[in-house]
Amino acid sequence: MTTLSMDTAARLADAGHKAAAALDVRMNIAIVDQAGHLLHFSRKEDALLGCIDLAQRKAKTAILFRMPTAALGEISRPDGPIYGIEWSNGGLISFGGGLPITDTEGRVVGAVGVSGGTADQDVEIARACLAAL
């Protein structure tokens, strides 16, 4: 797989929503392609409205830097080498919930962004999305 299809993106999001239901959390889930363009977005009823933008920005951040958003957060702390980077690129997210999506050969083909729970829950659900590959 060198590209991510809309069908695959929808399947990943569905897996995430199922995992979120098991935690009794309503999530917003965004999937972007390797260029950062939105392929799929879905939210559960009563998911926090403010998290719509966060889910999309988490996915965008993960694809732009090809790393988990939490990892970007670690190096963008006030004592880190890229402090302040979250103000670039139209606003990046530097806490958990965004993960790159890789194919079987390790190529980054997209990213998922999840928001609506705690940062740890968001990461857990993002991982559940990836597990559906």
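Bear in mind these aren't lab numbers, they're just calculated from the coordinates by the rules spelled out. Note that the structure is a prediction, hence the values are computed from the model and not measured. Quick reminder, even Gly has a Cβ in these numbers, built from the backbone with ideal geometry, and neighbours come from all protein chains shown.
The table below gives the values:
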{"read-out": "Overall form of the chain per C-alpha gyration tensor (a/c, 1.5; a/b vs b/c)", "value": "oblate"}
{"read-out": "Using θ = phi - 60° and Karplus 6.51 cos²θ - 1.76 cosθ + 1.60, couplings along region 8-19 (whole Hz; Gly, Pro as x)", "value": "5, 4, 5, 5, 5, 5, 4, 4, x, 5, 5, 5"}
{"read-out": "Other-chain or far-sequence residues with amide H under 5 Å of Gly98's (modelled H)", "value": "Thr69, Ala70, Val114"}
{"read-out": "Cleavage-rule hits, trypsin sites (Lys or Arg not before Pro), region 1-45, DSSP coil, Cβ neighbours within 10 Å at most 10", "value": "none"}
{"read-out": "Cleavage-rule hits (GluC sites (Glu not before Pro)) in region 1-91: DSSP loop, at most 16 neighbouring Cβ within 10 angstrom", "value": "Glu45"}
{"read-out": "Least to most buried among Ile93, Ile75 (fewest other Cβ within 10 Å first)", "value": "Ile75, Ile93"}
